[in-house]
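I have placed the structure first, in the form of structure tokens, so that the comments after it can refer back to it.
Taken together, the values in this text are just the output of simple stated rules run on the coordinates, not laboratory data. Computed from a predicted structure; not experimentally measured. Don't worry about glycine lacking a Cβ; one is built from the backbone with ideal geometry, like all the others, and counts go over all protein chains shown.
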Amino acid sequence: MQASVEETGGLGRKLRIEVPASEVDGAIKARMQNLKGTVRINGFRPGKVPMSVLQQRFGEPVREEVTGELMQKTIGEAIQENELRPVRIDNVDTDKDGENLVFTAEFDVFPTIELKGLEGIKVDKTVAEITSDDMDKAVQNLRQSRADFEDVERAAKEGDRVITDFVGKIDGEAFDGGAAEKASVDLGSGSFLPDFESGLTGVKAGDEKVFEVKFPADYGSADLAGKTAEFTATVHQVQEATLPELDDAFAEQMGFTDGGVDALREAVENNLKQQAEKQFAQEIRDQVMDGLYESNKGFELPATLVDAELEGVKQRNEQAEDDDKQSDDELRTDAEKRVSLGLLVAEVSRAREITVDEQRVNQRLFEIIGNNPQAYEMFQAYREDENVMQSLQTSILEEQVVESLLSTANVNETKKPYTEIMGG
């Protein structure tokens, strides 16, 4: 095999490979000989089929198969020998002239990136202040989740459970999701809209009550957002909650066999902090990625990657609302930044020896699957889907790179009350 590399401009490369005809013919003869021992043709005993018959029937497909394998093998060898890092190889042309196998492969190579500014990327981070009231409320919710309920004859108040049938109507017309039978409504839990829980406060078993509920302007259903519905509720039961004592026995029920109530409260505090951090995860990720980009932008980008990314952003742009649509220049800038960041993430992962955490990949898969009864089958199907796994592994690797960069970042923390962060 002889191979030569030509620069075609920028990161473009053209690889020319020539394989002697003797090597090609030898590989074809070996394949045909192997075929002779395995193929069965009517009228001939196994292993006794004349080579001329095999050549007539299988000669052309065998040549194509062997030639394709040789091309793939020699491209890999030439890339390794010439220390090339191709983005992908799509354009391969065969030269039919002469007896030797001659072909060319054109592709872009990854740029050489000298990483800068990884240490001390500036990040503004909001940190939750967890007060004793926040802790008490969270612990109270845990106790509420283990409460026992008993029927009472008095009027319902906050903390009670109301078992009710209800039907909601807007302008006299029922709407989807506006009716239920024997629904459990825990007053004060926030599980239902405030007006709904307020409307059931004060009812007794056997009551029928009509009340209005105003849907918020930002309600999840556009058909209901900002509208007022009239609900008719038929109350079956009012139940009073008896909460378990906050003691070591309760802590053990919640899984804290060591440390008792103190361990429970510590876990609750950590959970509240994690909830607050999730509110700013995307914001912090964007700051880290912007810092990485600003410190390293300007290197040459593979045209094939930019063109492929550009197609993706164009498709998303076509589906966007008119006010959100971008110009062609903005789309190209967006595509180039996305490609740059993808290459930078890959380079940081190599420089810091970060590999995809497969345990985190599996955890994310189970989060996607949720409580589906076919969870195991779905998990296996996802694991075998190359596109799903590549997308998921790319996303997880980016998270790990962001975490690594954040560990060496210059972080400016600002404290903010937990209730203000969570809107409660």
Next on the checklist: Loop-only chymotrypsin sites (Phe, Trp or Tyr not before Pro) in the range 169-252, please: DSSP not H, G, I, E or B, and at most 14 other Cβ atoms within 10 Å.
Outcome noted: Tyr219
Checklist outcome for this item: Cross-link reach from Lys416 to lysines, straight Cα distance under 22 Å and at least 8 residues apart if same chain, gives Lys122, Lys125, Lys137, Lys273, Lys278
Item to check | Ellipticity estimate at 222 nm from DSSP helix runs (n ≥ 4, -39,500 (n - 2.57)) divided over the chain, nearest 500 | outcome: -15500 deg cm²/dmol
Checklist outcome for this item: With the 8 Å Cα cutoff and a minimum separation of six or more residues, the range 166-279 has a relative contact order in percent of 20
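Considering Cα pairs under 8 angstrom that are at least six residues apart, work out the relative contact order of the range 2-108 and quote it in whole percent.
36
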Checklist outcome for this item: When the charge dipole of the range 200-275 is computed with +1 at the Cβ of Lys and Arg and -1 at the Cβ of Asp and Glu, the Cα pointing farthest to the positive end, of Asn271, Gly255, Ser221, is that of Ser221
Checklist entry - What per residue convex hull volume, in Å³, comes out for the chain when only alpha-carbon positions are used? => result 289
Item to check | Relative contact order (%) - the chain, alpha-carbon pairs under 8 angstrom, separation at least six | outcome: 19
Checklist entry - To the nearest 10 degrees, how steep is helix 375-384 against the longest Cα principal axis of the chain, on a 0 to 90 scale? => result 30
Next on the checklist: I need the shape label for the range 232-295. Rule: rounded when a/c is under 1.5, else prolate if a/b > b/c, else oblate, with a, b, c from the alpha carbon gyration tensor.
Outcome noted: oblate
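Counting Lys and Arg as +1 and Asp and Glu as -1, each charge on the Cβ, what is the dipole of the range 116-232 about the Cα centre in debye, to the nearest 20?
With Lys and Arg at +1 and Asp and Glu at -1, about 420 debye.
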Item to check | Convex hull per residue volume in Å³, alpha carbons only, for the range 80-228 | outcome: 352
Next on the checklist: Compute a Gaussian network model of the chain, connecting alpha carbons closer than 10 Å, and tell me which residue from Gln279, Gln400, Gln390 fluctuates the most.
Outcome noted: Gln390
Item to check | Coil-residue trypsin sites (Lys or Arg not before Pro) of the range 1-67, DSSP, other Cβ within 10 Å capped at 10 | outcome: Arg40, Lys48
Next on the checklist: Apply the a/c threshold of 1.5 to the C-alpha gyration tensor of the range 274-422 and tell me whether it is rounded, prolate or oblate.
Outcome noted: rounded
Checklist outcome for this item: Taking 0.36 nm per residue of separation between Lys125 and Ile369 and subtracting their Cα-Cα distance, the length gained on full extension comes to 84.7 nm
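Of the DSSP beta bridges with both residues in the chain, give the percent that are antiparallel, rounding to the nearest 5.
Rounded to the nearest five, the antiparallel share is 85 percent.
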Item to check | Between 0 and 90°, nearest 10: helix 281-296 axis offset from the chain longest Cα axis | outcome: 40
Item to check | Centre separation in Å (Cα based) which lies between the range 168-230 and the range 111-137 | outcome: 40
Checklist entry - Glu266 label point, 7 Å along Cα→Cβ, cut-off 12 Å on backbone N: hits in the range 125-162? => result none
Checklist entry - Pulled fully out, how much extra length does the chain show between Gln390 and Thr408, if you take 0.36 nm times their separation in residues and subtract their Cα-Cα distance? => result 3.7 nm
